[in-house]
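What follows is calculated from the coordinates using simple rules that are stated; it is not laboratory data. Values in this document were obtained by computation on a predicted structure and should not be read as measured data. Methodologically, a virtual Cβ is constructed for each residue, glycine included, from the backbone with ideal geometry; neighbour enumeration extends over all protein chains shown.
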């Protein structure tokens with residue numbers, strides 16, 4: 001089929017895929033209004049693009065690649081990216097997460113999504129995606145991204161009585177672990193028992209974690225206060241022991257968290273030697289999942305500590321639970337890929353739920369063979385998957 | 001080959017089930033990937049190079065026939 005990215009001065013108005021520049025801010029704002037924010041304007045979108053370029057880890061001021069499928073002046077499809085660097089077997093590679101893949105409803109199941117992605121891939125090197133829905137997964141796979149599988153979801157109940165009252169066990173697809181857990185929850189939901197059982201569960205969780213490393217040495221601060229030198233030194237120490245991960249250095253912290261206002265609270269674990277680890281807690285929101293009926297969920301969006309020092313991970317988890325509780329969360333969600341994290345989560349009483357976010361990747365000029373999901377250090381914030389709960 | 005037969009082959013359904021009104025709205029297998037497979041099959045079977053605009057409109061059998069007729073294709 002003929003057609004490719006149109007040059008900026010293309011005179012015809014045929015259907016085409018464009019990489020967004022200044023002249024496409026109006027159609028970009030239009031599709032953002034349709035898909036996400038009815039108040040979006042070309043000026044506002046332009047400012048947001050400048051702000052993203054200013055903290056682009058690929059180079060300050062470098063525009064973040066965004067693509068539109070245009071039919072005449074009308075936008076039919078959108079895809080933007082999040083620039084990052086990957087560390088794979090000790091080598092550093094530039095990469096882009098796909099983000100905001102959206103096609104207007106009347107053109108779904110047509111060529112728009114495929115052509116948009118195909119054209120985006122022609123301009124990008126290594127591409128990564130955290131994706132939930134099967135149709136885009138099929139598209140990504142057909143265009144060369146490998147599916148590494150689902151990030152597991154672990155949930156720590158912080159207010160047991162409130163969660164017990166609200167869980168909808170009859171909902172389709174709600175998996176809350178073994179059958180005995182489901183039966184136990186069903187009994188606990190009987191009238192009058194929720195508060196009693198909630199208190200019992202709370203006491204049980206407290207007992208479970210009583211002898212574990214506490215949140216001492218961990219401070220809750222605004223991400224803006226993180227010291228760049230300490231953050232880079234921590235990443236240098238930790239990354240030496242990781243097979244594959246998106247960089248979690250200060251450039252990542254700045255682009256991903258500091259630029260997001262007060263959405264995140266940083267949890268810093270320190271010792272005399274400096275920064276030993278950090279976690280990023282996303283403020284609690286009401287879950288969009290109808291099965292959870294208004295449970296306020298916080299997300300442990302990021303977590304970094306040396307995998308061979310689990311006591312630091314446990315301290316950060318304890319601090320995250322306490323801070324999330326103080327912020328009004330009913331539960332805390334953590335979605336780690338690395339095989340060393342789930343044992344710590346179980347020790348702190350997290351329950352594994354069915355996963356939904358798939359990690360997909362297409363390397364450019366190197367191989368990811370031999371790596372499975374448990375080798376990657378990924379968390380909920382990667383690809384901004386913590387936007388959706 | 002008739003367009004109906006091509007659509008049936010691409011989406012793995014009986015040719016009897018495919019008519020002019022068969023579209024990406026009523027054939028579950030006809031998703032974005034399936035659509036691109038269909039476009040590529042049409043191009044190779046009928047020896048045409050379709051534009052993005054044509055691919056955009058060919059979302060039902062009737063429109064596939066109309067575009068092919070405009071291209072002077074007989075089946």
Problem - Highest-fluctuation residue, A:297, A:79, A:379 considered, GNM on chain A with Cα pairs under 10 Å - result: A:79
Problem - segment B:31-75-segment A:84-143 distance, computed between alpha-carbon centres (Å) - result: 25
Exercise for the section: Report the extension gain between residue A:33 and residue A:47 in nm, rounded to one decimal, defined as 0.36 nm multiplied by the number of residues separating them, less their alpha carbon distance. Expected result: 3.5 nm
Practice task
Take peptides A:53-63, A:151-161 and line them up by average Cβ neighbours within 10 Å, highest first, as a rough protection proxy.
Solution key: A:151-161, A:53-63
Fill in the blank from the handout: In this structure, the FRET efficiency calculated for residue A:203 and residue B:9 from their beta-carbon separation, with R0 = 45 Å, to the nearest 0.05, is 0.10
Fill in the blank from the handout: Under 20 Å by backbone N from the virtual spin label 7 Å along Cα-to-Cβ at residue A:150, the residues of segment A:357-381 are A:357-361, A:372-381
Problem - Cα-based radius of gyration of segment A:1-121 once divided by 2.2 N^0.38 Å, which approximates compact folds - result: 1.10
Problem - Nitroxide proxy distance, nm - points 7 Å out along Cα→Cβ at residue B:20 and residue A:73 - result: 3.6
Handout entry: Packing rank of A:325-336, A:23-34, where each peptide gets the mean count of other beta carbons within 10 Å, highest leading
Key = A:325-336, A:23-34
Exercise for the section: Give the Rg (one decimal place) followed by the Dmax (whole number) of segment A:260-372, computed from C-alpha coordinates and expressed in Å. Expected result: 15.8, 47
Problem - segment A:209-266: C-alpha gyration tensor shape, a/c 1.5 cut-off, then a/b vs b/c - result: oblate
Completion exercise
Rounded to the nearest Å, the spacing of the alpha-carbon centers of segment A:216-281 and segment A:46-62 is 21
Problem - Protection-proxy order for peptides A:125-137, A:40-52, each taking the mean of Cβ atoms within 10 Å per residue, highest first - result: A:125-137, A:40-52
Problem - Tilt relative to chain A, helix A:310-326 - C-alpha long axis, 0 to 90 degrees, to 10 - result: 90
Practice task
Mind checking B:47-53 for the average number of partner chain beta-carbons within 10 Å of each residue's beta-carbon?
Solution key: 5
Problem - Percentage of interatomic Cα-Cα distances in segment A:82-222 larger than 17 Å - result: 75
Practice task
Above 34 angstrom, tally the Cα pairs of the protein assembly as shown and express them as a % of all pairs, no decimals.
Solution key: 43
Fill in the blank from the handout: Relative contact order as a percentage, chain A, C-alpha pairs under 8 Å and 6+ apart, gives 20
Practice task
Return the average number of partner chain Cβ atoms within 10 angstrom of each residue Cβ along peptide B:36-42.
Solution key: 3
Practice task
Once you have the Kirkwood Rh of chain B from its Cα pairs, apply Stokes-Einstein at 4 °C and 1.567 mPa s and quote D in µm²/s.
Solution key: 107
Fill in the blank from the handout: FRET efficiency for residue A:270 and residue A:372 from the Cβ-Cβ distance with R0 = 30 Å, rounded to 0.05, comes out at 0.35
Handout entry: Solution diffusion estimate, µm²/s, Stokes-Einstein, segment A:84-138, Kirkwood Rh from C-alpha pairs, 4 °C, viscosity 1.567 mPa s
Key = 101
Completion exercise
For chain A, the longest principal axis of the Cα atoms and the Cα long axis of helix A:193-209 enclose an angle in degrees, to the nearest 10, of 90
Handout entry: segment A:321-386-segment A:150-167 distance, computed between alpha-carbon centres (Å)
Key = 16
Practice task
Give me a single rounded figure for A:100-113: the average over its residues of other chain Cβ atoms within 10 Å of their Cβ.
Solution key: 4
Practice task
State the extension gain, in nm to one decimal, for the chain segment bounded by residue A:309 and residue A:93, taking 0.36 nm per residue of separation less the distance between their alpha-carbons.
Solution key: 75.1 nm
